[in-house]
1. Fewest first, what order do THR2, THR116, THR147 take by the number of other Cβ atoms within 10 Å?
2. Size of the dipole of the chain about the Cα centre, Lys and Arg at +1 and Asp and Glu at -1 on the beta carbon, nothing else charged, in debye to 20?
3. Straight-line reach from LYS52: which lysines fall under 23 Å, measuring Cα to Cα and dropping same-chain residues less than 8 apart?
4. Short version: ³J(HN,Hα) in whole Hz for each residue of the stretch 29-38, in order, from phi by Karplus 6.51 cos²θ - 1.76 cosθ + 1.60 (θ = phi - 60°), x for Gly and Pro, what are they?
5. Just want to confirm a number: the relative contact order over the stretch 1-138, from Cα pairs under 8 angstrom separated by 6+ residues, in percent.
6. Extending each Cα 7 Å along its Cβ direction at LEU72 and LYS102, get the distance between those two points in nm, one decimal.
7. Based on other C-beta atoms within 10 Å, arrange HIS80, HIS38 from fewest to most.
8. How much length would be gained if the chain were fully extended between THR10 and MET62, taking 0.36 nm per residue of separation minus their Cα-Cα distance, in nm to one decimal?
Amino acid sequence: MTLNSIGLDTKKTKDLANDLNDLLANFQIYYQNLRGIHWNIKGKRFFDLHVKFEELYTDANMKVDLIAERILTLGDTPLHTFDDYTKLAKVPVGKNISIDEKAVRLIVDSLTQLLTIERKILNKSGEANDEGTNSMMSDFITEQEKTVWMMKAWLGEIV
């Protein structure tokens, strides 16, 4: 086994970096979706949702940076083109969404997909003894589960 400069198995960290690039691509699409619904939301709930969507895209933007920096820390290169992002993305793309319920549904569906990717990374990072990635995924999952619960409550759905 070959170790990298932070003491982790290089083969396992390469695999984790690939998964983190997948997460990065999906987060970038999620971020763009949030920007779009922030800009385009209309209706009686505009003021509340406009602010909430800004809060969410600001958070997503910070997470994008954290993911990219973790990829670099593991010794790999973060993807940075929209071509790469669209090829890898599993998060649904929301286009011209201005109706409140459709916007919130897009967030729930996107976070559900992100959580699936993050749980896969969490399991692999645990196996690789990569506490940095593991901690980051754990934090993301905790926050996003709460957001899904809140959005589903807003939609009047059971979690």
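1. Numbers: THR2 7, THR116 11, THR147 17.
Lowest count first: THR2, THR116, THR147.
2. Working: 20 positive and 24 negative charges, 119 e Å.
Magnitude of the dipole: close to 560 debye.
3. Here the lysines satisfying the reach criterion relative to LYS52 are LYS42, LYS44, LYS63, LYS95, LYS102, LYS146, LYS152.
4. With coefficients 6.51, -1.76 and 1.60, one gets 5, 4, 4, 5, 4, 4, 4, x, 6, 4 Hz.
5. Numbers: 159 pairs, mean separation 46.3, N = 138.
Contact order relative to length: 34 percent.
6. Modelled inter-label distance: 3.8 nm.
7. On the way: HIS80 11, HIS38 19.
Lowest count first: HIS80, HIS38.
8. Numbers: separation 52, 0.36 × 52 = 18.72 nm, distance 2.65 nm.
Length difference between fully extended and current span is 16.1 nm.
Just so you know, all these numbers are worked out from the coordinates, no wet-lab data involved. Values in this document were obtained by computation on a predicted structure and should not be read as measured data. Cβ: placed from backbone, ideal geometry, glycine included. Neighbour counts: every protein chain shown.
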